[in-house]
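So the structure is just underneath, and the comments pick up after that.
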Amino acid sequence: MSTRTRKQLGLAALAALIVTLTAATTQEPTSLKEAYKGAFVVGAAINAAQITGQDRRGDAIIGEQFDSISPENVLKWERVHPEPVTYAFDLPDQYVAFGEKHHMFIVGHCLVWHSQVPAWVFRDDKGNFVDRDTLLKRMHDHIQTVVGRYKGRIQSWDVVNEALNEDGTLRQSPWLKIIGEDYIEKAFQYAHEADPQAQLTYNDYSLENEAKRNGALALIKKLKAEGVPVTSVGIQGHDGLQWPSVENEDATISAFAKLGVKVVISELDIDVLPQATKQQTADVSMKVGQDPKLNPYANGLPQSVQEELAKRYADLFGVYLKHRDVVTRVTLWGVTDADSWRNDWPVKGRTSYPLLFDRSGQPKLAFQAVIRVGANTKTE
Ligand code: G3I
């Protein structure tokens, strides 16, 4: 073989190697966690069937796709601490073990909320409201016990959940009525005391609406000024096809970032069904009667809406990526469409399509779109 031929063959081999390497590196990632690696972790809220291994299909998706988990219900007060002296740690222990097995970023949800908290917390033996000191002690004991048990294992806690009304004022919850405004700072202090390393979040929905956003900004500003250990704001992200606009989402994240806190998108889902409430909300107490007009896709989602949902997801993930310096996590509120709370809220028994995996666990167009947004950023 002549030197020239050898050189030509060498060059051809090199070219082939470059093509192979390029193909390998430009190949689209197959998982959400891979697509957003280096930007933020991508999580899912998981339910009891997934925690206990009964939902094998769901578990396979969670293990393959996500690098963070949130407990959809098992760590809420009424579940983990149903009676004054009874804690139910069986499911929460399994939840944390699940996250550790998969080396995930584990979230705790939620410590102080007006919903899913048993009536006894606020009442004495005669049924009257307890006094401030008693309630503070109960709050302290609860936080100390629950956060303390998972110290160093749950990396981030939603400490105070949904303390604001839609107009940005403080919700008249029993916490506020009995303790006063400083119940919020006390909750953060107790959580910090129980696990000084944990990230501590104020978590709420509809923070993109101006009045509520202003209320939340004022609250965070005040907490930061007082040295309260709040590290992040959870923008829940119970979104629709139109609301919030990408500009609004962008501006909302920027506004919180300016206060020196991290931002997490803590409960993302995008509803394609007609809005059944007057206002954009995720208030779990809302109930609306059944009406076929509110359930238009009971027999399947038209391709055009699938595509609209995919574009919407891509647009929102584009905004989150733009803010990757402050957005540390994006968590989907459920795994497949069949799991979503949206099927039963605010109208019971609707067929909703808010997540990235369909009812049979297959990735939707929206999944591909989200993967592509992450992958494109990596190759830019
Ligand atoms: O587990 C019981 C079951 O035993 C019983 O037969 C059945 C009868 O209705 O209820 C089941 O519990 C339900 C539970 O979800 C588990 O499916 C509760 O009734 C129901 O109220 C509860 O809804 C949860 C909702 O919070 C209420 O707190 C949703 O799953 C959960 O996704 C939702 O999550 C909230 C966040 O914590 C805070 N932000 C808003 C978000 C969406 O509402």
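The values are calculated or read from the model by the stated rules, or taken from the named source; none is laboratory data. This one's a predicted model, so the numbers in the text were calculated from it and none came from an experiment. Because the Cβ atoms are built from the backbone with ideal geometry, glycine has one as well, and the counts that use them run over all protein chains shown. In case anyone asks, the SASA skips ligands and DNA or RNA and just uses the protein heavy atoms, side chains included. Shrake-Rupley method; radii C 1.70, N 1.55, O 1.52, S 1.80 Å.
Annotations
- For region 254-286, a residue qualifies if it is touching a His at 6+ places or on another chain (Cβ under 9 Å), at pLDDT 95 or above and farther than 18 Å from Q199 by Cα, and the qualifying residues are S254, L268, D269, I270, D271.
- Any hit, region 350-357, residues being among the charged types (D, E, K, R) and either in a loop (DSSP other than H, G, I, E, B) or over 16 Å from the mean Cα position of the chain (by Cα) (or both): yes
- Any hit, region 254-267, residues being closer than 25 Å to D358 by Cβ and assigned to a loop (DSSP other than H, G, I, E, B): no
- Which listed residue is more than 16 Å from the ligand (Cβ to nearest atom), of a type in the set (S, T, N, Q) and touching a residue at least 12 places away in the same chain (Cβ under 8 Å), from Q290, Q275, Q306, Q279: Q306
- Count of region 107-130 residues which are touching a helix residue (DSSP H, G or I) at 6+ places or on another chain (Cβ under 8 Å) and either on the phi > 0 side of the Ramachandran plot or within 16 Å of the ligand (Cβ to nearest atom) (or both): 9
- Single residue of H102, H109, H142, H114 found to be under 27 Å from I51 (Cα atoms), touching a Pro at 6+ places or on another chain (Cβ under 6 Å) and either buried (at least 18 other Cβ atoms within 10 Å of the Cβ) or touching a residue at least 40 places away in the same chain (Cβ under 8 Å) (or both): H109
- Selected residue (criterion: nearest to N73 (Cα to Cα)) from residues of region 260-272 that are open to solvent by less than 40 Å² (accessible area, probe 1.4 Å) and more than 15 Å from the ligand (Cβ to nearest atom): V263
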